[in-house]
Amino acid sequence: MATNNPYQSYQANAVQTASPGELTLMLYNGCLKFIKLACKAMEEKNIEEKNTNLLKAQKIIQELMVTLNMDYEVAKNMMVMYDYIYHRLVEANIKNDVAILDEVEGYVTEFRDTWKQVIQLNRQQQHGQGGHV
C-alpha cells in the first residue's frame, strides 16, 4: 500500500517545475548535504554510511560534468574543477580524510553561492525589462 508523503510530493513537484538553473542549484545543495553526512559518518566511524554518501556526492559531480556545454571556455575550466573534486571525493573515501572533505566542501560552496548570484541576476534582468521605460 502506497503512503502519501506530502514532503516527497513537494520535492518531486519542485524538481519537475524547476528551471535548469534551479536544478543546478539543487545539485550543488545535494552534493553539500552528502559531503556533510559523509563527514559526520567518518567522525562516527560508520564506514557504510560514509561510503554511501560519498558515492551520492560523486554521482552529483558526474551529473554536473555531463551537463556542461563545452562550447564555452568557462565550461572547460569547470570541467577541470569538477574532475578535481570528483577525484578528491574518491580519495577522501579511500583515506577516510575529513580534511579533504572540508576542502571539497569549500569549492562546492563557492560554486553554489556563485550560481545563486547568477540566478538572482537573471531574475532581476528578466523582471527589470518588463514595463519600465
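Could you please find all residues in the range 32-80 being closer than 16 Å to Trp115 by Cβ and aliphatic (A, V, I, L, M)?
Listed by number, the residues that qualify are Leu32, Ile60, Ile61, Leu64, Met65, Leu68, Val74, Ala75, Met78, Met79.
If you go through the range 76-105 one residue at a time, how many are charged (D, E, K, R), in contact with a Cys (Cβ under 9 Å, 6 or more places away or on another chain) and within 18 Å of Leu64 (Cβ to Cβ)?
Count: 1.
Restricting the range 83-125 to residues that are hydroxyl-bearing (Ser, Thr, Tyr) and free of Cβ contacts under 8 Å to residues at least 40 places away in the same chain, which is farthest from Leu55 (Cα to Cα)?
Among those residues, the one meeting the criterion is Thr114.
For Ile61, all conditions in the list (1) closer than 22 Å to Met26 by Cα; (2) of a type in the set (A, V, I, L, M); (3) loosely packed, with under 14 Cβ neighbours inside 10 Å hold save one; what is the number of the exception?
(3)
Return yes when Thr67 is buried (at least 16 other Cβ atoms within 10 Å of the Cβ) and at pLDDT below 95 and no when it is not.
For Thr67, the condition - buried (at least 16 other Cβ atoms within 10 Å of the Cβ) and at pLDDT below 95 - is not met.
The values are calculated or read from the model by the stated rules, or taken from the named source; none is laboratory data. The shown structure was predicted, so the numbers you read here are calculated from the model rather than taken from an experiment. Ideal geometry is used to build each Cβ from the backbone, glycine not excepted, and the neighbour counts take in all protein chains shown.
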